[in-house]
Amino acid sequence: MNSKILFNVLFYAFAIILAIYFIVSIFSSSVFTQTISSDIVEISSVDDYIVIDGIALRNETLLMADSSFQSIRYMQEDGSRIAKNSIYAYYNEQGISNDQAVKLSNLNRKLSRLNDTIGKSTQYDIFTVEQNIKDSIISYLNRKHNDEFSNSSYEFSSVQTAFDQRLLQQEGSSYIKEVIKSIKGEISQINAESGLSEKTLYAPSAGYFYSKTDGYEYINMEDYENPTIASFNSLMQLTKDNVSNLCVGKIQHYSYWAFVSSIPSEYVADLYVGKTVYLEFNIPDVGSKKISTTVEYISRAQDGRNAVRFRCGTLTADLFGLRKESPHMILKTYTGLNVKNEALRVVDGQTGVYVISAQRIIFKPVDVIYVSDEFSLVSSKANTGDRVLKAKDEIIIGGKDLFDGKIVNVTKYD
């Protein structure tokens, strides 16, 4: 009997305590909470930089047609590698419609690719062929995404070549030869219907193809291996040369190019030969692009400035048009957790932010890495535990009378 009474007492006590808890929670939620806004923490980077003036230098050869022309069809993409004596274009002294030009261009590319495939002495088994297809697709997607080390169109051609190898494996060389014969017939038919007599242009040397010119191709990169302030100033005064109407493009001979600039000596003090430096160029129709370069030469100071030559091995098509430019030279890059300045506050002498977790807040201390007018980059002061600030944390913007454990209502994300 006594145990039954004791059970009832404990049961009702527990019920009363539970009810009080819910009443207090609802009361505190409506009375003591405040409506605030929040933001999500993200990792970001900010650069300190200076603007420098300079000129891009290459070793280039102009490509010329044998006679004047009305239309030209390029067989190479800008920035692509081409071999000596390879076909890079066809031209006509008479005009050709856009539809015909596109069709002929596609046919000639396919013809060139199939000829290369059937002409290779190495034959692959089906497993190697399938692996080549996978590898070429992955390589193309990676290059296309990064757009850093080579022209993605070249990688796409590799994908097509891999599928051609599969076709050769499955159907045999006789089938490929019939396809080649058919393509040649289509090309001849289009030329006959148009009354065209196409002329072929062969690359005079190996290198990297570009279909446009700017008149500065006569400047030789090797003439400015050790630039001085005087020679740099003279270089910047050079003007464009008149380019012949027969010119159809150019070939860059080396797998790298140079950028020569005059830089204030106070910033040159941190440079040395072999150091990696990022230059950020503003490229028309592309936007800003950060390029990795290596310091190749630093001249003696003159009037508080040094001539510096940078070497760059990035050869994407959009960079071939660079000449006289004013890029950002990156001095330092700051990377951290991006928080708005309104989220920062000082609690018990420590700078930090309040983070929302299940409607309650917790203070997380931080070290400030970089400060701008609107935001700061920070790192977490804590290394372990629930005080560590992480990307994707939800932080409070503004607010007042905040403390650990307080319940808050979030109304919006900034």
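None of the figures in this text is laboratory data; all of them are computed from the coordinates on show. For clarity, every value in this text was computed on a predicted model and none was experimentally measured. So basically every Cβ, Gly included, is an ideal-geometry build from the backbone, and we count neighbours across all protein chains shown.
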**Prompt:** Computed FRET efficiency, Cβ-Cβ of S265 and L402, R0 51 Å: what is it to the nearest 0.05?
**Reply:** 0.55
**Fill in**
Going through K340/K381; K275/K340; K240/K290; K134/K212; K177/K250 one by one, the pairs whose alpha carbons sit over 29 Å apart turn out to be K275/K340; K134/K212; K177/K250
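Between beta-carbons, use under 15 Å as the cut-off and find the net charge around V46, counting Lys and Arg +1, Asp and Glu -1.
-3
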**Message:** For region 212-279, what does the relative contact order come out to in percent, with C-alpha contacts under 8 Å and a separation of six or more?
**Reply:** 45 percent
**Item:** Calculated FRET efficiency for the pair Y175/D135, C-beta based, R₀ 30 Å, to 0.05
**Value:** 0.75
**Message:** Students often check this: by mean Cβ neighbours within 10 Å, which of 377-383, 80-86, 236-242 ranks highest, and how do the rest follow?
**Reply:** 377-383, 80-86, 236-242
**Asked** Taking R0 as 25 Å, what's the FRET efficiency between S231 and K84 from their Cβ-Cβ distance, rounded to 0.05?
**Response** 0.15
**Segment A192-T276, length gained on full extension (0.36 nm per residue, minus Cα span)** = 24.7 nm
**Message:** From the C-alpha coordinates alone, can you work out the Kirkwood hydrodynamic radius of region 335-414, in Å?
**Reply:** 12.7 Å
**Fill in**
Counting Lys and Arg as +1 and Asp and Glu as -1 over every other residue whose Cβ sits under 11 Å from the Cβ of G399, the net charge comes to +1
**Request:** May I ask you to work out the translational diffusion coefficient for region 34-105 at 10 °C, viscosity 1.306 mPa s, via Stokes-Einstein with Rh from the Kirkwood sum over Cα pairs, reported in whole µm²/s?
**Result:** 87 µm²/s
**Request:** Just subtract the alpha-carbon distance of R345 and E42 from 0.36 nm times their residue separation and send over the number in nm, one decimal.
**Result:** 107.2 nm
**For region 263-414, alpha-carbon Rg over 2.2 N^0.38 Å** = 1.50
